Amino acid sequence: MAVDVSALNRKFGIAGVAEVVAANGGLPAVRVRGKNGSGEIYLHGGHVTSWTPAGGRDALWCSKKSMYEKDKPIRGGVPLCFPWFGPKADDASAPPHGIARLMAWELESIREQGGDVTVVVALRSDASTKKWWPHDFVLRHRVTYGRELLMQMELTNSGNAPLTVQEAQHTYFAVGDARQIVIRGLAGVTYRSKVENVTAAKQEGDIRITAETDRVYLDTQSAVIIEDPSYKRRIAIHKENSKTTVVWNPWIAKAKAMPDFGDDEWPEMVCVETCNVGDFAVQLKAGETHIMGTRLKVESL
Ligand code: BG6
């Protein structure tokens, strides 16, 4: 059913602070201009595409080649991977990284408090989710735009049986040059890597991007810092109830192979993903709720 953007704006908009608009591809999105920070979230995927703390530059990156279509994920910002990560283990025809980023979410509320603006969107199981995954659930994304960005994925098992999910806030950070950044906070942590085809390597020192990088850091709840000398800033990534962290940059060949990613865009981004994937999938009994979150803070270098 087509969403009436004007009706949503009349119901939820806050004059001068938050507006519901038809954004790229005509997809409904909330644009926020709070005193402490501004940003944008699409109802498609419950997908945050922008956050700029007051006086700063956008911390998030979106591809100029991103598609903005109903059945395609947005390339950049914060795709929400749910309820599986990567390919679905028992169904090669299922969409990678789950279904949440392909679905139209519902706008539940917009609130302003002390210059911060919180937007809550929700995805509820229905026939279109059950086509891929049989469980009943309510998934909310609660996003507060301020001097910090707080994003919480709140999952309730609304069915009668236990369920197991993988989940990720697959955040694309904007960086001046990925080859110059240093990613701190994961030294000594064990990772598996699709690129080097290893299942248990140990991170020696801080991370530098020098080639295609696609690693899942295991059993880590540590905060991660992206130090970016080109943009003269440091982005601190704090995690809540997340035991894995993915670090991804496609580098040259993979960027070229992706239709929704510009050939020369890979130096502009790095993904550092708050997640619970693989053996760290989350189990929820009937009626239980689980929150996984990311809090971002930017400081000058
Ligand atoms: C990362 C995965 O999280 O997402 C990579 O670890 C994958 O393997 C990347 O290539 C992008 O995935 P997608 O489905 O958005 O192209």
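Here are the numbers for the structure shown:
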| item | result |
| --- | --- |
| Under-5 Å amide H pairs with Ile181, H placed in peptide plane, nonlocal only | Ile209 |
| Beta bridges by DSSP in region 144-292, antiparallel share as percent, to the nearest 5 | 100 percent |
| In region 245-301, trypsin sites (Lys or Arg not before Pro) in a DSSP loop with at most 15 other beta-carbon atoms within 10 Å | Lys285 |
| Globularity index of region 206-301, i.e. its alpha-carbon radius of gyration over 2.2 N^0.38 Å | 1.25 |
| Cα gyration tensor category, rounded, prolate or oblate, for region 1-78 with a/c compared to 1.5 | oblate |
| In order through region 258-271: 3J(HN,Hα) via Karplus (6.51 cos²θ - 1.76 cosθ + 1.60), integer Hz, x for Gly, Pro | 8, x, 9, 9, x, 4, 9, 8, 4, x, 8, 9, 8, 9 |
| Relative contact order of region 150-271, pairs being alpha-carbon contacts under 8 Å that are 6 or more residues apart, as % | 28 percent |
| Neighbourhood net charge (11 Å Cβ-Cβ; Lys/Arg +1, Asp/Glu -1) for Ala223 | +3 |
| Computed over region 45-108, Cα set: Rg, Dmax in Å | 13.6, 47 |
| Rounded Å value of the spacing that divides the Cα centres of region 1-71 and region 228-298 | 20 Å |
| For Trp51, Trp266, order by how many other beta-carbon atoms lie within 10 Å, fewest first | Trp266, Trp51 |
| Overall form of region 76-195 per C-alpha gyration tensor (a/c, 1.5; a/b vs b/c) | oblate |
| Gyration tensor verdict on region 245-286 (Cα atoms; rounded if a/c is under 1.5, prolate if a/b is larger than b/c, oblate otherwise) | prolate |
| Rh by Kirkwood over Cα pairs, then Stokes-Einstein D for region 158-219 at 0.692 mPa s and 37 °C, µm²/s | 234 µm²/s |
| Calculated FRET value between Lys130 and Glu106, using beta carbons and R₀ = 25 Å, to 0.05 | 0.90 |
| Exposure proxy order (Cβ contacts within 10 Å, fewest to most) of Arg33, Arg10, Arg215 | Arg10, Arg33, Arg215 |
| Semi-axis lengths, Å, the chain, gyration tensor of Cα atoms, sqrt of 5 times eigenvalues | 27, 24, 18 |
| Per-bin percent of Cα-Cα distances, region 1-146 [5 Å] | 2, 10, 19, 22, 20, 14, 8, 4, 2, 0 |
| Region 226-237 - phi-based ³J(HN,Hα) in whole Hz, Karplus 6.51/-1.76/1.60, Gly and Pro as x | 9, 9, 10, x, 5, 8, 6, 8, 10, 10, 9, 10 |
| Sequence-distant residues sharing a close amide H with Gly34 (under 5 Å, placed H) | Gly39 |
| Under Karplus coefficients 6.51, -1.76 and 1.60, residue-wise ³J(HN,Hα) of region 107-119 in Hz, glycine/proline x | 7, 9, 6, 9, 9, 10, 8, x, x, 9, 10, 10, 10 |
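Only the coordinates and a few stated rules stand behind these numbers; no lab work does. What you see is a predicted model; the values in this text were computed from it and never measured. Here the Cβ is made from the backbone with ideal geometry for all residues, glycine too, and neighbour counts use every protein chain on show.
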